[in-house]
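Presented below is the structure to which this report refers.
The values are calculated or read from the model by the stated rules, or taken from the named source; none is laboratory data. Keep in mind that what you see is a predicted model, and the values were worked out from it rather than measured. Every residue, glycine as well, gets a Cβ built from its backbone with ideal geometry; the counts of neighbours run over all protein chains shown. Note: accessible area is taken over every heavy atom of the protein model, side chains too, but ligands, DNA and RNA are not part of it. Shrake-Rupley method; radii C 1.70, N 1.55, O 1.52, S 1.80 Å.
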Amino acid sequence: MKIKLIALSLIVSTGLFNPLKSQSFNTGDHYASLGYGFGNFGNLVAQSIENDIDNTNFTFSSFGPLFLKYEYAVDDRFGIGVSFAYLTGSGSWDYDGGNNTVYQGKVDRLGYNVNLRFNWHFGNHDIIDPYLGIGAGYRFNKWELSSNEPNFESDLDIPNFFPFGMEFTIGSRFMFSENLGAFVEVGAARAVFQFGITSRF
């Protein structure tokens, strides 16, 4: 029993179950978030290769978008910060090279965004923090097509002519305690839907 009481006292002392502030978004607070997204258009395009070329053993895998966000509460309604998104994708397939020879083709994708972000918080609750967010900044995409076929020359040319990224989402934080919560967002970003954890400090 004494051990349980000591453990409970340590948990309480960390602030995990401390009483919440009067609002979930407060002037002068800092918020750091880590999230993962689903519904990326570029990866869907890469996956469509299976339907566009004569291939066998097509496989595709992707990671992300992974989101890292920071926000500073300028006042109880407005926040400013930075949003970073990162993703990769890779597909491979076998194709007939003639003379009973089979080669493997591969497409790789890398993308990331670094955006300045502005959020308008329109709630007034100690747990739920709804907001509208808009961001703009640098957007990078790189595609590479390769093969183990001798003297292969890629005809894939997707230059990064317009490296300008934007995002517009609606979302909400859910503060489980004074310092720990979760977030969800939907809208136009590197992912249609994203969710993750949030820390307030």
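Among the numbered criteria (1) part of a strand (DSSP E or B); (2) surrounded by 15 or more Cβ atoms within 10 Å (Cβ to Cβ); (3) modelled with pLDDT of 90 or more, which one does ARG190 miss?
Condition not satisfied by ARG190: (1).
Only residues that are open to solvent by less than 10 Å² (accessible area, probe 1.4 Å), over 18 Å from PHE195 (Cα atoms) and in contact with a Ser or Thr (Cβ under 9 Å, 6 or more places away or on another chain): list them for segment 70-88, please.
If the condition is that a residue be open to solvent by less than 10 Å² (accessible area, probe 1.4 Å), over 18 Å from PHE195 (Cα atoms) and in contact with a Ser or Thr (Cβ under 9 Å, 6 or more places away or on another chain), then ALA73 is the only one that fits.
Quick grid of which residues meet (1) open to solvent by 10 Å² or more (accessible area, probe 1.4 Å); (2) more than 12 Å from the chain's Cα centre (by Cα); (3) modelled with pLDDT of 95 or more:
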position	(1), (2), (3)
LEU156	yes, yes, no
PRO159	yes, yes, no
VAL184	yes, no, yes
GLN194	no, no, yes
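Just checking, which of ASN119, ASN115, ASN151 is out of contact with any helix residue (DSSP H, G or I) (no Cβ under 7 Å at 6 or more places or on another chain) and part of a loop (DSSP other than H, G, I, E, B)? First the steps, then the outcome.
Working: ASN119 fails: part of a loop (DSSP other than H, G, I, E, B); ASN115 fails: part of a loop (DSSP other than H, G, I, E, B).
On inspection, the qualifying residue turns out to be ASN151.
Considering only residues that are β-branched (Val, Ile, Thr) and without any contact (Cβ under 8 Å) to a residue 60 or more places away in the chain, look in segment 92-116 and name the one that is surrounded by the fewest Cβ atoms within 10 Å (Cβ to Cβ). Lay out the reasoning, then the answer.
Here is the first cut: in segment 92-116, the residues β-branched (Val, Ile, Thr) are 101-102, 107, 114.
Next, from what is left, pick out any that are without any contact (Cβ under 8 Å) to a residue 60 or more places away in the chain: 101-102, 114.
Numbers: THR101: 10, VAL102: 13, VAL114: 16.
This residue is THR101.
I'm checking my understanding of the structure. Among residues of segment 113-141 that are in contact with a Ser or Thr (Cβ under 9 Å, 6 or more places away or on another chain) and among the aliphatic types (A, V, I, L, M), which one is nearest to SER177 (Cα to Cα)?
This residue is ILE127.
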